[in-house]
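The structure appears below as structure tokens.
The values are calculated or read from the model by the stated rules, or taken from the named source; none is laboratory data. Keep in mind that this is a model prediction, so the values were computed, not measured. Cβ placement follows ideal geometry from the backbone for every residue including glycine, while neighbour counts extend to all protein chains displayed. Just so you know, the surface numbers come from the protein's heavy atoms only, side chains and all, with ligands and any DNA or RNA stripped out. Shrake-Rupley method; radii C 1.70, N 1.55, O 1.52, S 1.80 Å.
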Amino acid sequence: PWAETYRYEYLFIEGSIDGVYSGRYSWRDFFGTDECIMSLLMGFGRLFGSTPETIRTDFQHCYSHMIYIADHPFDKKAREDFQAIFSDEDSILKILMRNDPVGYILARMVLPAIDAANTRHLRRLFQLRGTRVFLAVSQYRREHGVLPASLEELVPAYLPAVPEDPFARHPVRY
């Protein structure tokens with residue numbers, strides 16, 4: 001579901017870039033950001049080569065990574081590689097000297113929220129799966145008077161399968 005959300009969000013952003021870039025739409029509507037700051041950013045961006053096409057390319061690059069991360073089990077390296085694209089080590093001068101400073105800055109503004117949402121999603125999956133295991137172990141103990149030796153003992157009577165840990169990409173440990 002997260003990957004589909006990102007796909008639709010990207011389509012919305014891609015379709016809105018021309019209107020935001022030209023001033024037809026308000027920056028505040030999209031980013032909750034002060035108009036004056038964004039107008040200044042757009043002015044500098046135009047001087048340094050930002051266009052709707054380059055902004056689209058930056059967002060496409062950003063969202064393709066987010067969709068990959070959401071479509072696959074947790075991969076710490078892929079996540080770190082993605083975060084490195086938008087590292088905090090860039091100086092203002094380095095950002096302005098990029099081919100597209102506006103797209104870079106806008107994509108960088110989106111990254112923390114998207115990353116936090118993906119992490120919350122994985123935590124929630126882990127909590128739901130952990131709760132399922134806890135309830136199955138509790139039911140087994142109630143019926144047998146002892147804890148199961150392994151989670152495999154719970155399959156298929158109490159669990160259809162041992163759930164996967166979304167962070168570690170292996171079955172939940174017991």
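Observations, loosely collected:
- Accessible surface for GLU80 stands near 90 Å², nearest 10, in the context of the full protein assembly shown (1.4 Å probe).
- Computed label-point distance, nm, for sites GLU14 and GLU164 using a 7 Å Cα→Cβ extension: 2.7 nm
- Estimated FRET transfer efficiency (SER150, SER22; beta-carbon r; R0 41 Å; 0.05): 0.10
- List PHE134, PHE59, ordered by accessible area with a 1.4 Å probe, largest first: PHE134, PHE59
- Accessible area per residue (1.4 Å probe, heavy atoms of protein chains only) ranks THR131, THR54 as THR131, THR54, with the largest value leading.
- Amide H to amide H distances under 5 Å link GLU164 with VAL172, where only residues 5 or more positions off or on other chains count and H is placed in the peptide plane.
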